[in-house]
Amino acid sequence: RRCMDVKRHRMEHCEFARAIKCRKCHKLVSARSLQSHELTRCTAAEELCPEGCGMVLSRTAVKRHLEVACVKVREDCPFKPLGCTARVARGEMAAHTHMASGQHLELLRRGLLDARSRGEAFRMEIDAHREDIAQQLE
C-alpha cells in the first residue's frame, strides 16, 4: 500500500519527480522547474532582439541574427583598414559609405600613395641585394 502511495505521489503530485512536457520545445522537465525552464533555458522560447530592432526570435536564433542580420548591430566601416573610424549600425552602413564617399576616396588615395612608396622602397632594397649578390659571385 505504501509503495503505491509513493508511486502515485511521484506521478501525480510531486513537483520534483513529476515530468511535464514544455509547451514550446516539448522537452520533459520537472514540474518544479518548468517555469524556470521556460524563462531561461527553453531553446524554443521567443524573445525580442537584445539590440532593439524589433525582431522576435527563438533563443537559438538570437546569436545568428546578431551576427548577420540585425540592422541595429554596430559595425566598423569597411574602410577601417584605410583609416575610417566610424562605427555604424548595420542598417545605416550604406548611407554612411555614400555620405562619406569623399573621405573614403581620400583614404584610398593616401593608401595607394603609401603602397606605391613602400613598393618603390622594396624595389630599391631588392636591387641593392641583387648588386651585393652579383659582387659576391664575381
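The values are calculated or read from the model by the stated rules, or taken from the named source; none is laboratory data. Everything numeric here is computed off the predicted structure, so don't read it as measured data. Don't worry about glycine lacking a Cβ; one is built from the backbone with ideal geometry, like all the others, and counts go over all protein chains shown. The protein model used for the area step is the full one, side chains on, heavy atoms only, and it has no ligands, DNA or RNA in it. Shrake-Rupley method; radii C 1.70, N 1.55, O 1.52, S 1.80 Å.
The table below gives the values:
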quantity: Residue check, Ala61 among the hydrophobic types (A, V, I, L, M, F, W, C), within 25 Å of Lys24 (Cβ to Cβ) and within 26 Å of the chain's Cα centre (by Cα); calculated: yes
quantity: Strands (runs of 3 or more DSSP E) wholly inside the range 35-82 that include at least 1 residues being within 30 Å of His104 (Cα to Cα) and at pLDDT 95 or above; calculated: 74-76
quantity: Hits in the range 24-57 (condition: touching a strand residue (DSSP E or B) at 6+ places or on another chain (Cβ under 6 Å), small (Gly, Ala, Ser) and either under 30 Å from Lys72 (Cα atoms) or open to solvent by 30 Å² or more (accessible area, probe 1.4 Å) (or both)); calculated: Ala44
quantity: Enumeration of residues in the range 72-90 that are of a type in the set (Lys, Arg) and either closer than 21 Å to Ala115 by Cβ or within 13 Å of the chain's Cα centre (by Cα) (or both); calculated: Lys72, Arg74, Lys80, Arg90
quantity: Residue tally, condition surrounded by fewer than 10 Cβ atoms within 10 Å (Cβ to Cβ) and either closer than 30 Å to Cys70 by Cβ or in contact with a Cys (Cβ under 7 Å, 6 or more places away or on another chain) (or both), over the range 84-138; calculated: 3
quantity: Leading residue by the ranking (nearest to the chain's Cα centre (by Cα)) among those in the range 8-23 that are modelled with pLDDT of 75 or more and open to solvent by 100 Å² or more (accessible area, probe 1.4 Å); calculated: Arg23
quantity: Among (1) under 13 Å from the mean Cα position of the chain (by Cα); (2) in a helix (DSSP H, G or I), the one test that His96 misses; calculated: (1)
quantity: Test result for Leu107, assigned to a strand (DSSP E or B), free of Cβ contacts under 8 Å to residues at least 60 places away in the same chain and not acidic (Asp, Glu); calculated: no
